[in-house]
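Read through the structure below, which is laid out as structure tokens, and then see the notes.
The values are calculated or read from the model by the stated rules, or taken from the named source; none is laboratory data. What you see is a predicted model, and the numbers here were worked out from it, not measured in a lab. In case anyone asks, the SASA skips ligands and DNA or RNA and just uses the protein heavy atoms, side chains included. Shrake-Rupley method; radii C 1.70, N 1.55, O 1.52, S 1.80 Å.
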Amino acid sequence: MVENSKRFDQIKRTKMHKTFIFLVIGCLIFKLGTASGFGYSVGNTEGLKHLSEEESPNTEISWIPSNDFLPEGFQVTTITSSTTTIYAAGNTNDPTNRFIGLFSSTDGITWTEVNTGLQNYAFFYSLYELDGILYASVADQNIIPELLKSEDGGLTWSLSQDGILTNSTTSYIISDDEGALYAATFTVEDNNSTPRLYKSTNQAESWVELNVTGFTPSEDALFRSMDHTGSEFIISYANSETSMVELYTSEDALVWTRLNNIPEDFFALDISVDTSGVWYVSGIDFDTLDGEMIVSENEGETWEFLPTDDLEEFNHWLLALEAFGDQIILTGSLEDFTEQSQVFFSVPAKQEQSITFEPLSPVTYGDESFAFEAIASSGLPVSYTSSDDLVVSILDGIATIENAGTAMITAVQEGNESFGPAKEVTQLLTINKAGLAVSVEDVERNSGEENPEFKLVYEGFVNDEDVSVIDFLPEVSTSATISSEPGTFDLIISGGEDNNYVFSYSNGTLTILEPVVTGTNGFLSNDISIYPNPVFGVVTILSTESTNSNKTVTVFDSFGNQIFEKSLRTEMQIDFGTHPSGLYLLKIQMEDKVDIFRVFKN
């Protein structure tokens with residue numbers, strides 16, 4: 001601890017005022033780039049491996065300086081980026097000629113100075129972009145801090161620190177997933193610094209101080225940098241009393257928990273994550289006070305040193321860092337970091353590759369399994385994932401149709417020692433329903449009988465399926481009732497529904513036969529007399545046939561309901577007076593002989 005304290009004091013003991021040292025060293029930025037969902041750590045002592053260039057897997061990477069766009073003596077203190085633009089900002093350190101500058105680039109190679117109109121400001125501490133708005137923490141020639149914002153790319157600025165304590169320096173600005181802004185600040189009084197955290201939900205029009213807990217107590221500390229990983233906040237806390245730089249995380253930006261796995265000798269200044277999920281951290285080594293960069297490909301579980309020999313004399317202080325696409329933008333400084341910095345961009349160690357994956361033609365439920373045909377420009381094999389395994393599952397590159405529906409098929413090539421991961425390509429796959437033909441068998445029945453059960457016939461099942469898999473079975477309907485006149489009636493199919501089958505219907509017919517006299521004993525309709533017909537009250541039935549107990553008369557209403565049944569006599573009466581008007585059927589039967597008569601009640 002004593003050794004570290006001496007080193008920390010050595011860093012602070014320069015020609016510059018203590019406040020500015022805190023700003024240059026203490027307020028340099030941690031970022032997680034544009035990636036989200038990553039927790040942060042700066043490794044741990046056991047996981048940090050000091051590798052030689054022969055052992056390092058990243059020895060192929062090289063650093064190329066951008067065009068010489070920086071004024072003499074200019075120090076880049078902060079880098080940020082939108083989806084299309086990189087911004088680098090900083091200031092000169094010459095006390096006789098102090099000014100700030102803002103530069104923009106679309107590729108990290110060619111830079112253009114932004115005419116900011118901030119000529120009266122001397123220090124540029126932090127910069128952040130959100131939804132096209134730039135937020136900047138600056139200070140004037142008297143080191144009086146201000147928080148500004150610009151809605152036109154940095155051309156014009158307005159004051160945006162309402163609610164933040166006067167003379168508080170904003171060391172870093174970030175946003176959460178909901179678009180709320182957070183300002184990590186500190187206020188210097190009597191040569192001691194007090195950290196404070198503010199939140200704004202109205203694009204920095206006003207700020208509210210947060211009541212934070214969990215940090216190591218100190219009379220002299222500050223927040224150096226802050227970020228939101230997609231699931232939690234992370235903040236860098238510099239404690240001058242203990243000469244420690246500590247990292248804390250929080251889910252709500254209120255209650256903070258310290259991370260205990262920071263390497264002892266590595267003073268982290270900035271962090272960023274590239275599009276493939278690799279973590280990069282820039283900083284210095286306490287032992288040598290030389291700049292170093294470490295890299296982790298497993299979210300901070302283990303670390304390796306990234307070669308920075310290409311930075312030459314600018315590798316003593318590795319300050320601002322930003323991952324932009326597949327590039328790394330890095331600021332390196334001379335041994336005396338107050339003199340000059342240079343912006344570098346990385347040449348990826350691995351070759352780029354892309355995937356060609358054409359739109360997918362629809363398939364049909366029941367089709368055979370098949371393979372996709374995406375091609376990687378590297379020639380490496382492509383793997384696939386399905387967004388819904390219940391619709392289409394993929395095993396060893398072969399797709400199997402499970403159900404009708406849609407699924408997003410993603411082609412993936414993760415790269416190897418020569419090629420970086422390809423950008424994933426996703427295509428929509430539609431699985432149409434199989435066609436199922438449904439018909440109903442034609443049937444016949446006698447006049448006066450109830451309708452028989454109708455039989456449906458299915459054709460087109462796949463995968464050895466049968467009617468048991470249908471979600472909602474079709475039904476057959478007809479207008480024929482027990483009282484319907486002889487003739488032909490349609491049998492209409494409707495109502496079927498299923499997730500994997502689409503129905504086509506072939507309707508059938510029901511034929512009601514004319515009444516016939518059956519048997520061999522000459523039982524004929526003219527042997528029966530029924531009158532009056534139509535009837536208002538009582539109807540009389542006369543039979544010329546001899547009657548016995550086996551001869552019956554049964555009466556049905558038009559709905560097929562039986563309302564009367566008795567043994568038939570030579571003469572008998574049936575009273576319809578209490579029954580509603582309509583058609584009634586009289587069924588007269590003797591053993592195997594039957595006759596049907598229609599009676600109309602007025």
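Roughly how large, in nm² to one decimal, is the mean projection of the convex hull of the alpha-carbon atoms in segment 187-238?
4.6 nm²
Over segment 82-152, with every protein chain in place, what whole percent of the accessible area is carbon and sulfur at 1.4 Å, could you tell me?
44 percent
Per residue, how much accessible surface does segment 410-486 expose to a 1.4 Å probe? Answer in Å², no decimals.
58 Å²
Just list whichever of Lys455/Lys566; Lys455/Lys551; Lys149/Lys199 have alpha carbons separated by over 27 Å in the model shown.
Long pairs (Cα-Cα over 27 Å): Lys455/Lys566; Lys455/Lys551.
Over segment 96-251, give the accessible area per residue in Å² for a 1.4 Å probe, as an integer.
Heavy-atom accessible area per residue stands at 41 Å².
Across segment 209-225, in residue order, what do the Karplus-derived ³J(HN,Hα) couplings come to in whole Hz, using 6.51 cos²θ - 1.76 cosθ + 1.60 with θ = phi - 60° and x for Gly and Pro?
Per-residue couplings from phi come out as 6, 9, 8, 9, 9, x, 7, 4, x, 7, 8, 9, 8, 7, 8, 8, 7 Hz.
Would you kindly find the accessible area of Phe372, with a 1.4 Å probe and non-protein molecules such as ligands, DNA and RNA excluded, rounding to the nearest 10 Å²?
Its accessible surface works out to 20 Å², give or take rounding.
Can you list the HN-Hα couplings for segment 159-175, worked out from phi with the Karplus curve (6.51, -1.76, 1.60; θ = phi - 60°), rounded to whole Hz and with x for Gly and Pro?
After applying 6.51 cos²θ - 1.76 cosθ + 1.60, I find 6, 9, 10, 4, x, 7, 4, 4, 6, 7, 9, 8, 7, 7, 10, 9, 9 Hz.
Using a 1.4 angstrom probe and counting only protein chains, how large is the accessible area of Phe324 in Å², to 10?
30 Å²
What's the whole-number percent of alpha carbon pairs in segment 361-495 lying beyond 22 angstrom?
In whole percent, the long-distance tail amounts to 58.
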